[in-house]
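*Asks:* Structure in structure tokens, see below.
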Amino acid sequence: MSKERGTDGVKAAGLATFGGGCFWCTEAMFERLLGVVSATSGYSGGHVESPTYEQVCAGDTGHAEAIQVAYDPAVVSFEQLLEVFFATHDPTTKDRQGADIGPQYRSVVFFHDGEQKRIAREVIRDLEASGAFGAPIVTEIAPFTKFWPAEEYHQEYFDQNPSQGYCRAVIAPKVAKFEKVFADRLKRR
């Protein structure tokens, strides 16, 4: 588990890695979640060493656009992170999130240990049983192998570029919905 220190000086003891479509979107939401020390955009689950954004976007490296979340389990559990993950993307579309199409946009939980694998399977089973999505969940549960941080300009993209077209049209509405649904779990900003 990670021992990173966030900007607020809090030490992270937990590490989670998720692919849920565009990493700009997922990073923007997880960065706002209480208990998250950091969320880093990057690439995971592929077969190319040190992939670039252009290589991953071509769709043939096997990587998913992913975020790596360092978190404080005393504040937020892995199960709660999964709750946010499933509430903030469509886990029923294979290799697609909205207009973003390709294996790099797949829904995937990269588990770091057996406990994360067990919890992810349990959460998916419960969501399926509840009929929460009205369609089968296609989220992969895959072992974590390596995470490659994305290029610096991708980090905190939404916060650094709020007036950019994609940010205004796609990310801002998702963040607004996230902040409304999870109002009681947000960091003070």
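*Asks:* From VAL76, VAL109, VAL69, which residue is in contact with a strand residue (DSSP E or B) (Cβ under 6 Å, 6 or more places away or on another chain), under 26 Å from VAL37 (Cβ atoms), of a type in the set (A, V, I, L, M) and touching a residue at least 60 places away in the same chain (Cβ under 8 Å)?
*Replies:* Residue meeting the stated conditions: VAL109.
*Asks:* Take the residues in the stretch 98-115 that are modelled with pLDDT of 95 or more and assigned to a loop (DSSP other than H, G, I, E, B), then tell me which one is nearest to GLY62 (Cα to Cα).
*Replies:* ARG106
*Asks:* Hey, any hits in the stretch 113-132 for a residue that's within 17 Å of GLY45 (Cβ to Cβ), free of Cβ contacts under 8 Å to residues at least 40 places away in the same chain and crowded, with 19+ Cβ neighbours inside 10 Å?
*Replies:* yes
Here is a yes/no grid of residues against (1) of a type in the set (Asp, Glu); (2) modelled with pLDDT under 95; (3) touching a strand residue (DSSP E or B) at 6+ places or on another chain (Cβ under 8 Å):
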{"position": "SER2", "(1), (2), (3)": "no, yes, yes"}
{"position": "GLY6", "(1), (2), (3)": "no, yes, yes"}
{"position": "GLY9", "(1), (2), (3)": "no, yes, no"}
{"position": "ALA16", "(1), (2), (3)": "no, no, yes"}
{"position": "GLY19", "(1), (2), (3)": "no, no, yes"}
{"position": "ALA28", "(1), (2), (3)": "no, no, no"}
{"position": "ARG32", "(1), (2), (3)": "no, no, yes"}
{"position": "VAL36", "(1), (2), (3)": "no, no, yes"}
{"position": "THR40", "(1), (2), (3)": "no, no, yes"}
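The values are calculated or read from the model by the stated rules, or taken from the named source; none is laboratory data. These numbers were taken from a predicted model, which means no experiment stands behind them. Methodologically, a virtual Cβ is constructed for each residue, glycine included, from the backbone with ideal geometry; neighbour enumeration extends over all protein chains shown.
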